Amino acid sequence: MNDASKNVQTFHGGCPHDCPDTCSMVYTVQDKKLISVTGNKQHSMTRGGLCVKLNDYEKRHYHPDRLLYPLKRTGPKGSKQFKRISWNEALEEITGKWKAIIATDGPHAIMPNSYLGNQGLVHGLNGGDAFFNRMGATVCERTFCGEGSCTAWLLTVGPTAGVDPESFSHSKYIVIWACNSVSTNLHHWHIIHEAQKKGAKVVVIDSYASKTAKAADWHIAPKPGTDGALAMAMMNVIITEGLVDQDYVDNYTVGYAELAERAKTRTPEWAEEITGIPAADIRRFAREYATTPPAAIRLGVALERSYGGSQAIRAVSCLPALIGAWRHVGGGALQFPVWEHPYKFDVISRPDLIPEGTPVVNNLQLGRVLTGETKLVTPIKSMMVWNTNPITQAPETDKIIKGLEREDLFLVVAEHFITDTAAYADIVLPAAMGAEMEDMVLSWGHLYLTYNAKCIEPPGEALPNNEIFRQLAKCMGYEEDNFKWNDSECLECWYAIKTTRNMPLVRA
């Protein structure tokens with residue numbers, strides 16, 4: 001939309017941050033400068049609201065400390081002493097080092113490291129996968145969040161999002177299990193709260209008295225890590241008291257007889273000893289849940305973050321089927337709506353390019369790998385980091401720092417600012433921000449794909465992530481089509497309706 005009299009233009013944007021809400025935004029540009037970022041009031045899920053992370057988002061694009069040019073380290077690692085170099089120098093330095101490492105140690109000595117500092121399809125988590133898979137570099141598994149939850153859900157329910165988040169408006173009994181919606185899934189809370197005002201009962205299961213728990217009709221606080229026992233005791237009550245929707249179970253599930261046998265000894269009294277929740281409350285909860293349709297469960301990722309967390313998610317995911325909740329609009333369970341999104345992850349990531357026998361490093365053990373505590377056949381001699389800051393975002397910070405201090409580790413970082421990790425880089429590359437690049441931002445909290453228009457040019461010599469990898473691929477001599485597509489072509493090739501849904505690739 002244009003306003004010629006004031007030379008003002010508006011563009012559609014999508015919040016790139018790692019969050020289930022993926023807010024729809026409006027960029028306002030005047031004289032080719034981003035002057036404001038506001039919520040899109042026409043979006044039926046995010047409704048014009050933005051969280052505090054987007055306050056003054058436009059000012060972040062013009063922050064005085066922002067990286068504008070490629071930099072090369074001149075002082076000790078961690079000293080933040082750099083000098084400006086040209087892009088040609090940076091690309092020659094990086095690819096020259098990589099070619100030398102590949103010649104002496106093989107491509108397994110090089111490893112990528114990225115996460116969800118950007119949630120876009122083109123410039124986000126998987127944006128560099130095809131490049132490093134083509135190289136034959138060590139694969140870095142991104143297992144910080146969601147892998148246990150997704151695996152458990154896939155094994156139990158299948159590749160479906162479950163309940164449409166907006167359908168919770170029809171629910172009469174809502175269970176928010178291990179999710180602080182008010183603080184971390186704000187736009188879904190609005191829908192739940194509206195249902196609550198219409199008479200729905202909201203039950204929050206959380207070991208901590210969060211803002212969401214305080215807004216609930218009933219807060220159930222099990223001991224940390226005991227959610228699976230609570231779910232199994234609910235099954236015991238539902239089965240022994242004849243609250244099972246047997247017709248639904250017989251026609252739409254497998255394994256009921258084995259589950260019922262397993263649940264026989266998982267009584268509320270048994271669970272009380274484990275969870276600390278009185279047996280009478282467990283019975284009441286199970287009965288209310290089973291007899292108040294439509295009943296919906298919102299599973300939070302916190303549920304996976306304890307020993308046996310994936311099994312707890314499997315147990316919770318069985319509950320809707322037992323009572324036939326899936327029959328009803330607003331009934332069932334919600335995990336990650338990403339299952340419904342028709343992304344071509346095989347085209348984005350090109351796992352077919354990964355050579356047989358390529359080693360895999362778990363991101364949670366990055367520090368151990370970099371220090372040599374976890375032994376690899378080929379030690380890591382170089383790492384490229386983008387969309388993440390492992391010193392502040394990965395476990396065992398002390399080991400990560402020790403590993404990054406290695407003089408024989410050639411570190412490349414693409415960033416907006418000199419972060420804790422970038423301070424240890426040999427080469428720092430200036431990366432573009434949200435309003436400066438075209439993308440499609442995925443959501444793991446609702447069913448909308450959010451288009452993000454490029455509305456301003458990056459400042460200085462900053463480049464979008466995908467352009468950085470295109471330049472690196474050209475210097476490395478890679479000729480695959482992936483490395484020739486512009487951002488629009490990437491979106492055309494990576495997103496399409498398919499008859500079979502793809503599972504998001506965690507490894508590649």
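Laid out as a table, the results:
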| quantity | calculated |
| --- | --- |
| Burial ranking of peptide ranges 50-57, 447-454 (average Cβ count within 10 Å, highest at the top) | 447-454, 50-57 |
| Cut-off 9 Å between beta-carbons: net charge of the residues surrounding Pro464, Lys and Arg +1, Asp and Glu -1 | -4 |
| Karplus-derived 3J(HN,Hα), 6.51/-1.76/1.60, for each residue of region 173-185, Hz, glycine and proline x | 9, 10, 10, 9, 10, 6, 9, 9, 4, 4, 9, 10, 8 |
| Dimensionless Rg/Rh of region 65-107 - Kirkwood Rh, Rg from C-alpha atoms | 1.07 |
| On Cα atoms only, tilt of 87-105 relative to the major axis of the chain in degrees | 70 |
| Neighbour-count ranking [beta-carbon atoms within 10 angstrom, fewest first] of Phe336, Phe168 | Phe336, Phe168 |
| Most to least packed among 89-95, 323-329, 477-483, 462-468 [average Cβ atoms within 10 Å] | 462-468, 323-329, 89-95, 477-483 |
| Environment charge of Lys484, counting only residues whose C-beta is closer than 15 Å and scoring Lys/Arg +1, Asp/Glu -1 | -3 |
| Total charge dipole magnitude, the chain, about the Cα centre, Cβ charges on Lys, Arg, Asp, Glu only, Debye to nearest 20 | 760 |
| Environment charge at Ala233 (Cβ cut-off 13 Å; Lys +1, Arg +1, Asp -1, Glu -1) | 0 |
| Rounded to the nearest 20 debye, dipole of region 222-365 from Cβ charges on Lys, Arg, Asp, Glu | 280 |
| Considering only the chain, percent of DSSP beta bridges that pair antiparallel, nearest 5 | 45 |
| Principal-axis tilt of helix 309-322 within the chain, Cα atoms, nearest 10 degrees | 50 |
| Principal axis dimensions, largest first and in whole angstrom, of region 104-170 by Cα | 62, 26, 18 |
| For region 2-60, radius of gyration divided by Kirkwood radius, i.e. Rg to Rh on alpha-carbons | 1.00 |
| Calculated over region 147-335: convex hull of Cα atoms, volume per residue (Å³) | 103 |
| Qualifying lysines (Cα of each under 29 Å from Cα of Lys211; at least 8 residues distant if same chain) | Lys41, Lys53, Lys172, Lys197, Lys198, Lys201, Lys223 |
| Pairs beyond 22 Å (Cα-Cα), from Lys32/Lys344; Lys99/Lys454; Lys6/Lys33; Lys72/Lys402; Lys83/Lys402; Lys59/Lys484 | Lys32/Lys344; Lys99/Lys454; Lys83/Lys402; Lys59/Lys484 |
| Cysteines in the chain that, by Cβ-Cβ distance, have no pairing candidate under 4.7 Å | Cys19, Cys51, Cys140, Cys145, Cys150, Cys179, Cys318, Cys455, Cys475, Cys490, Cys493 |
| Region 180-273: trypsin sites (Lys or Arg not before Pro) falling in loop per DSSP and having at most 13 other Cβ within 10 Å | Lys198, Lys264 |
| Alpha-carbon Debye profile of region 333-459, log10 I(q)/I(0) at 0.12, 0.14, 0.22 Å⁻¹ | -0.67, -0.88, -1.22 |
| Acute angle (nearest 10 degrees) that the helix 465-476 long axis makes with the longest principal axis of the chain, alpha-carbon atoms | 50 |
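No value in this document is a laboratory result; all are computed from the given coordinates. As the structure is a prediction and not an experimental result, all values here were calculated from the model. Note that we place each Cβ from the backbone using ideal geometry, even for glycine, and neighbour counts take in every protein chain shown.
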